[in-house]
Amino acid sequence: MFEDRIKLQDFSPHLFWDVAMSSLDIEEHASYIIIRVMSLGTMEDFKKIKSYYGSEKIKNVVKDARYLDEKVL
């Protein structure tokens, strides 16, 4: 399902400025990463999560998120 494993360092630096990147796991914290990219990321960041997680996973995470901007939804 997943393409090559991505790293948080592959994303825009401003996305995870407030967390220790070493504490985030790309699989375990997928919802957090997807929501952060959808809220604050660039189109390039979005393309990375889309190629990694897939549209269906992103749709499910966004649908269940309670604090996303209407534009993102």
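The values are calculated or read from the model by the stated rules, or taken from the named source; none is laboratory data. The model shown is predicted, which means the values in this text are computed figures rather than measured ones. Counting neighbours? That spans all protein chains shown, and the Cβs are built from the backbone with ideal geometry, glycine included. The area values use the complete protein model at the heavy-atom level, side chains included, leaving out ligands, DNA and RNA. Shrake-Rupley method; radii C 1.70, N 1.55, O 1.52, S 1.80 Å.
A few notes on this one:
- Sub-9 Å Cβ pairs linking a first residue in the stretch 47-72 that is at negative phi and open to solvent by less than 100 Å² (accessible area, probe 1.4 Å) to a second residue that is at pLDDT 80 or above and among the basic types (Lys, Arg), at least 6 apart or interchain, are 49/57; 58/50, ordered by first then second residue.
- Residue, modelled with the highest pLDDT, within the stretch 21-35, restricted to residues that are open to solvent by less than 60 Å² (accessible area, probe 1.4 Å), in a loop (DSSP other than H, G, I, E, B) and of a type outside the set (Val, Ile, Thr): 29
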